[in-house]
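The block underneath contains the structure these notes are about, expressed in structure tokens.
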Amino acid sequence: MVKNSDYFAFIKKKLESNFDIEANIRVLGRDYDLIARMNVKNEKFILIPEVKLYGFSNNEYFYIRSWENPDTDELKAELDDLKGSLPSLIERQKDHMSSALHLILVTDRPVSGDAEKLVRKYFYQKGFAFGFKGWADLTPVIVSLSEERVIAHKKISKTAAYFKPEGAAAEQEVL
């Protein structure tokens, strides 16, 4: 089994190449071990950049923290807080298209059936101006180090696979 500290070092190293990372940040009254942000801007222009045909930006955020006492009520409360503050937590520029905020909870304890059920079903989407000014998604992910598995909604299975603890275990064996 991988230790929390080793896992966080592994994830930080993995995210550094594509994300802006902040460590030990307090947001909405909760302490997060890592917050990773990525902003991608796409533009199409004719001959010179000043003559722009279109442009749009996509953002992705990972709020990652250690989850010492896996409790379904605590998870619901945290998701409600993030859901209520979603518009203020994401950066919406003039050409905003989509944002995804993923709450990544890392635990070294087994995950209860209720928490797993909640995470597998939870997917929240907030549209801005009926979707004309983009949208934002909120999804939780649980990384269980003791069970060596990742629990997430099926819509973000590829993103969730990025957080598999096996990679941290393999890197630990090499060292």
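The values are calculated or read from the model by the stated rules, or taken from the named source; none is laboratory data. All values reported here derive from a predicted model rather than from experimental measurement. All Cβ positions, even for glycine, are placed from backbone atoms using ideal geometry, and neighbour counts span all protein chains on display. SASA here: full protein model, heavy atoms, side chains in, ligands and nucleic acids out. Shrake-Rupley method; radii C 1.70, N 1.55, O 1.52, S 1.80 Å.
Table for the structure above
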item: Yes/no for D95 being open to solvent by 30 Å² or more (accessible area, probe 1.4 Å) and acidic (D, E); result: no
item: Boolean, K76 is of a type outside the set (G, A, S) and in contact (Cβ under 8 Å) with a residue 40 or more places away in the chain; result: yes
item: Failed item in (1) closer than 24 Å to R30 by Cα; (2) touching a residue at least 60 places away in the same chain (Cβ under 8 Å); (3) not aromatic (F, W, Y), with E148 passing the rest; result: (1)
item: Within the range 86-120, considering residues that are among the polar types (S, T, N, Q) and over 19 Å from the mean Cα position of the chain (by Cα), the one farthest from K154 (Cα to Cα); result: Q93
item: Count of residues meeting criterion [open to solvent by less than 40 Å² (accessible area, probe 1.4 Å) and within 30 Å of E68 (Cβ to Cβ)] in the range 123-137; result: 2
item: Complete set of residues in the range 99-115 that are buried (at least 17 other Cβ atoms within 10 Å of the Cβ) and not β-branched (V, I, T); result: S99, A100, L101, H102, L103, L105, D108, A115
item: Which numbered condition A9 fails, given (1) surrounded by 14 or more Cβ atoms within 10 Å (Cβ to Cβ); (2) within 16 Å of the chain's Cα centre (by Cα); result: (2)
item: K76 vs. criteria open to solvent by 10 Å² or more (accessible area, probe 1.4 Å), closer than 20 Å to K41 by Cα and of a type in the set (D, E, K, R); result: no
item: Failed item in (1) touching a helix residue (DSSP H, G or I) at 6+ places or on another chain (Cβ under 6 Å); (2) without any contact (Cβ under 8 Å) to a residue 60 or more places away in the chain, with Y7 passing the rest; result: (2)
item: Hits in the range 146-175 (condition: open to solvent by less than 40 Å² (accessible area, probe 1.4 Å), at pLDDT below 85 and among the hydrophobic types (A, V, I, L, M, F, W, C)); result: A168, A169
item: Candidate set from the range 21-39 (those that are open to solvent by 60 Å² or more (accessible area, probe 1.4 Å) and part of a strand (DSSP E or B)); member that is farthest from T107 (Cα to Cα); result: N39
item: Tabulated pairs, the range 54-73, first within 12 Å of V141 (Cα to Cα), second charged (D, E, K, R) and surrounded by fewer than 14 Cβ atoms within 10 Å (Cβ to Cβ), C-beta under 7 angstrom, 6+ apart or interchain; result: R65/D31
item: Count of the range 39-97 residues which are hydroxyl-bearing (S, T, Y) and in contact with a Lys or Arg (Cβ under 6 Å, 6 or more places away or on another chain); result: 3
item: Any hit, the range 50-60, residues being surrounded by 16 or more Cβ atoms within 10 Å (Cβ to Cβ), more than 29 Å from P110 (Cα to Cα) and among the hydroxyl-bearing types (S, T, Y); result: yes
